[in-house]
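Asker: Have a look at this one before I ask anything.
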Amino acid sequence: MIKVNFIPQEARKDRGNIWQDGFGPLTREAILGILVAGAGVLVLLHLALAGLALVKAAQHTMLQVRWASMGAQKKVLDDVTNETKTLQTKMNALRAITSAQGVVWARLMNEVSDSVPKGVWLREIHFDRGQFTIRGSAVSKVKNEMIIVNNFVAMLKEQPGLKGAFTGIDVDSIERREGTALSIADFALKAKRKAP
């Protein structure tokens, strides 16, 4: 290929080579020094980041070892936390029952106890989901245990604590036991709690 340049030799401008002539006020050695310094900074930065990564990896390993050694303590803490949650749930349930809007249970138990006639014994007093249940048995030599249970229910209906807290108390079931020397009847009484 032939290059033709019609500009006279003395009017031509040299296209200078940056690598040979430098770049403005910067010489070739200065440019080379800047490049070497930049590469050195990058290498040092890379080494610093690699060192930091090694330190963090060592810290992570140490923390994993400590975490593994605390496994037994963590299990104890979890057990205590779960037990605390269970107790808190029970306390909340009791708080609802024993609050000012709830039933005064000591008074209610006294009224039930005072109403138990001769020949009746109680096996269970249960309150769950607004339902109050009394289970017991009545005994009689003259086979009038049904009348004794009805008298017990009538006495309970007259108690002010039961009247105030529950909507009537009624016989849910009564069943005479067979094959015993005495006449025994097992009964269950139920009452619904009034809405607060």
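Asker: Out of curiosity, is Glu111 under 46 Å from the mean Cα position of the chain (by Cα) and either exposed (fewer than 15 other Cβ atoms within 10 Å of the Cβ) or touching a residue at least 60 places away in the same chain (Cβ under 8 Å) (or both)?
Answerer: no
Asker: When you scan region 137-163, how many residues do you find that are in contact with a helix residue (DSSP H, G or I) (Cβ under 9 Å, 6 or more places away or on another chain), more than 18 Å from Lys192 (Cα to Cα) and not polar (S, T, N, Q)?
Answerer: Adding up the residues that qualify gives 2.
Asker: Of the residues Ala37, Ala48, Ala106, Ala53, only one is without any contact (Cβ under 8 Å) to a residue 40 or more places away in the chain, under 33 Å from the mean Cα position of the chain (by Cα) and in a helix (DSSP H, G or I); which?
Answerer: From the options Ala37, Ala48, Ala106, Ala53, the qualifying one is Ala106.
Asker: Can you find a residue that is in a helix (DSSP H, G or I), β-branched (Val, Ile, Thr) and at pLDDT 85 or above anywhere in region 128-140?
Answerer: no
Asker: May I pose another question? So which residues in region 114-129 are in contact with a strand residue (DSSP E or B) (Cβ under 6 Å, 6 or more places away or on another chain) and surrounded by 12 or more Cβ atoms within 10 Å (Cβ to Cβ)?
Answerer: Residues satisfying the conditions are Gly119, Val120, Leu122, Ile125.
The values are calculated or read from the model by the stated rules, or taken from the named source; none is laboratory data. Keep in mind that this is a model prediction, so the values were computed, not measured. All Cβ positions, glycine included, derive from the backbone under ideal geometry; neighbour counts span all protein chains shown.
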